[in-house]
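Scroll down for the structure; my scribbles are underneath it.
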Amino acid sequence: MSIKDYLKNSRTVLFFRLLHEKFQEVVLLTKYIANGNRLNDKDKLSTDLAIRTHAIEKGMSIGSVKVGFGKPKVELLLRDLQRYLSLGGSKDFVTKSCSVIDKYIAFNESLGADMAAIKDKFMIFCNNNDVNLIDKGGIYLFDKESTEAKLKSSFDIFSQSRFSVRDFGTDKISLDHIERALYMTEKTPSACNRQSWRIYVYADKALREKIFSLQGGCKGFWQDMQYAILICGDIRGYNINELSQVYVDGGIYAMNLLYALHFEGVASIPLTMGHKQKKIKEIKQEMDIPDNEVPILLIGVGSYKDTYKVAVSERIDYHNYTFINKL
């Protein structure tokens, strides 16, 4: 073996090459990810506020919602929205967040909750900051029949009809639906056609409960989901210049599978597997996932109710984040 071949294949050399690559990544992440200096950076703080605002919206879309949920979280959200404005944050962003809070208060009042105290604090915040509420956010009420009518529509209608569901029905979902969706997803593109995804479908109740519990972000509605689909990526399929490619390929596969499940007429929700390495290691050990695979996304699958709720999850107009270089 030549020296060049040895250096290219040596694990010892690879270890130091990876350290060099990761060190540069760590420097960049330290400067820019949302954790660092969050309370003094309006852009980073807006990330945290968006997550917390959406958590309130998601809470309204759960099937068995706890009446009056989230009051302490809303109080803290109002406090930090005030801080965001003091940093020169976008008034439009605050208006949209406040509109979700307004829907949250009305939603809980409709269920009989006493929202007087939090409503007073909210109105004081809006008056002090001249916030004019708009009709944004909250929840939609859909019916199964109208959803199913759109499944065979053109893609522009079909794609806009898919929502993440947290309000599942009790009709049994045949495994045939899952397998047909998996078959349709076979055509997912990947870097150099490596197809390094590995898919685990958990139908057994005990295993479903274990993976949903380990994921930790679906409390209050995981009991109604009938399948858990864990998408992993095999890192043996990538080289040192592609350290994030496993997540790109797995993410493309995941979205394709979500559309395929929707086409099959089953309700689903993507659940993040973004955890610290200690938690990832625990998940892999508990679920018997090989060490060479990384969890990318967990999808919960269930049936639709005749009438069901979803979070509005207001989307940003694509013009706000797209740069078109016109001829």
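If you check residue 51 against the conditions, is it part of a helix (DSSP H, G or I) and either polar (S, T, N, Q) or surrounded by 14 or more Cβ atoms within 10 Å (Cβ to Cβ) (or both)?
Numbers: part of a helix (DSSP H, G or I): yes; either polar (S, T, N, Q) or surrounded by 14 or more Cβ atoms within 10 Å (Cβ to Cβ) (or both): no.
When the stated conditions are applied, residue 51 does not pass them.
Of all residues in segment 223-266, count the ones that are assigned to a loop (DSSP other than H, G, I, E, B) and farther than 30 Å from residue 170 by Cα.
Our first condition is that a residue be assigned to a loop (DSSP other than H, G, I, E, B); within segment 223-266, this holds for 225-226, 238-239, 243-244, 264-266.
Filter once more, keeping what is farther than 30 Å from residue 170 by Cα: 238-239, 243-244.
Going through segment 223-266 one residue at a time, the tally reaches 4.
Of the residues in segment 64-79, how many are touching a residue at least 40 places away in the same chain (Cβ under 8 Å), part of a loop (DSSP other than H, G, I, E, B) and open to solvent by 30 Å² or more (accessible area, probe 1.4 Å)?
Residues that pass the stated criteria total 4.
Does segment 232-239 contain at least one residue that is loosely packed, with under 13 Cβ neighbours inside 10 Å and either of a type outside the set (A, V, I, L, M, F, W, C) or more than 30 Å from residue 65 (Cβ to Cβ) (or both)? Working first, answer last.
Just the residues of segment 232-239 that are loosely packed, with under 13 Cβ neighbours inside 10 Å, to begin with: 236, 239.
Among the residues that remain, those that are also either of a type outside the set (A, V, I, L, M, F, W, C) or more than 30 Å from residue 65 (Cβ to Cβ) (or both) are: 236, 239.
Yes, the conditions are met somewhere in segment 232-239.
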Worksheet item: Pick from segment 198-211 the residues that are in contact with a strand residue (DSSP E or B) (Cβ under 6 Å, 6 or more places away or on another chain) and not β-branched (Val, Ile, Thr): which of them is surrounded by the fewest Cβ atoms within 10 Å (Cβ to Cβ)?
Response: 203
Worksheet, complete the sentence: Taking first residues from segment 249-265 that are touching a residue at least 40 places away in the same chain (Cβ under 8 Å) and second residues anywhere that are basic (Lys, Arg) and open to solvent by 30 Å² or more (accessible area, probe 1.4 Å), the pairs with Cβ under 8 Å that are 6 or more apart or on different chains are 249/194; 256/187; 258/162; 259/162; 260/180; 262/162; 264/180
Discussion item. One residue is enough: does segment 83-93 have a residue meeting the conditions at pLDDT 95 or above, within 30 Å of residue 304 (Cβ to Cβ) and either of a type in the set (Phe, Trp, Tyr) or open to solvent by 40 Å² or more (accessible area, probe 1.4 Å) (or both)?
Written reply: no
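Name the single residue, out of those in segment 246-271 being out of contact with any strand residue (DSSP E or B) (no Cβ under 8 Å at 6 or more places or on another chain) and open to solvent by 50 Å² or more (accessible area, probe 1.4 Å), that is farthest from residue 151 (Cα to Cα).
Taking segment 246-271 and keeping what is out of contact with any strand residue (DSSP E or B) (no Cβ under 8 Å at 6 or more places or on another chain), we get 248, 252, 255-256, 259-260, 263-264.
Remaining after also requiring open to solvent by 50 Å² or more (accessible area, probe 1.4 Å): 248, 252, 255-256, 259, 263.
Numbers: 248: 27, 252: 21, 255: 16, 256: 15, 259: 10, 263: 5 Å.
Filtering segment 246-271 for residues that are out of contact with any strand residue (DSSP E or B) (no Cβ under 8 Å at 6 or more places or on another chain) and open to solvent by 50 Å² or more (accessible area, probe 1.4 Å), the one farthest from residue 151 (Cα to Cα) comes out as 248.
Would you point out the residue of segment 283-318, among those that are assigned to a strand (DSSP E or B) and touching a Cys at 6+ places or on another chain (Cβ under 8 Å), that is farthest from residue 236 (Cα to Cα)?
Quick first cut of segment 283-318, residues assigned to a strand (DSSP E or B) only: 293-302, 304, 307-311.
So of that shortlist, the ones also touching a Cys at 6+ places or on another chain (Cβ under 8 Å) come out as 293-296, 300.
Values: 293: 8, 294: 11, 295: 14, 296: 15, 300: 27 Å.
Per the stated criteria, the residue is 300.
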Worksheet item: Taking segment 295-326, which residues are surrounded by fewer than 19 Cβ atoms within 10 Å (Cβ to Cβ) and over 28 Å from residue 104 (Cβ atoms)?
Response: 319, 322, 323, 324, 325, 326
Discussion item. List the residue pairs whose Cβ atoms are under 6 Å apart, where the first residue sits in segment 94-113 and is under 13 Å from residue 71 (Cα atoms), the second is open to solvent by 20 Å² or more (accessible area, probe 1.4 Å) and at pLDDT 95 or above, and the two are 6 or more positions apart or on different chains.
Written reply: 105/119
Response to the item:
Residue count, segment 140-182, condition among the hydrophobic types (A, V, I, L, M, F, W, C) and open to solvent by less than 50 Å² (accessible area, probe 1.4 Å), comes to 9
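Within segment 272-281, identify whether any single residue is open to solvent by less than 20 Å² (accessible area, probe 1.4 Å) and touching a residue at least 60 places away in the same chain (Cβ under 8 Å), and answer yes or no. Working first, answer last.
First, the residues of segment 272-281 that are open to solvent by less than 20 Å² (accessible area, probe 1.4 Å): 273, 280.
Restricting the remaining residues to those that are touching a residue at least 60 places away in the same chain (Cβ under 8 Å) gives none.
So far as segment 272-281 goes, no, none of its residues is open to solvent by less than 20 Å² (accessible area, probe 1.4 Å) and touching a residue at least 60 places away in the same chain (Cβ under 8 Å).
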Worksheet item: Which residues, counting only those in segment 108-128, are within 19 Å of residue 83 (Cα to Cα) and surrounded by 13 or more Cβ atoms within 10 Å (Cβ to Cβ)?
Response: 118, 121, 122, 123, 125, 126
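The values are calculated or read from the model by the stated rules, or taken from the named source; none is laboratory data. Predicted, not measured: the structure shown is a model, and the values here were computed from it. Neighbour counts are summed over all protein chains in view; Cβ atoms, including those assigned to glycine, are modelled from backbone coordinates with ideal geometry. We work out accessible area using only protein heavy atoms, side chains counted, and drop any ligands, DNA or RNA first. Shrake-Rupley method; radii C 1.70, N 1.55, O 1.52, S 1.80 Å.
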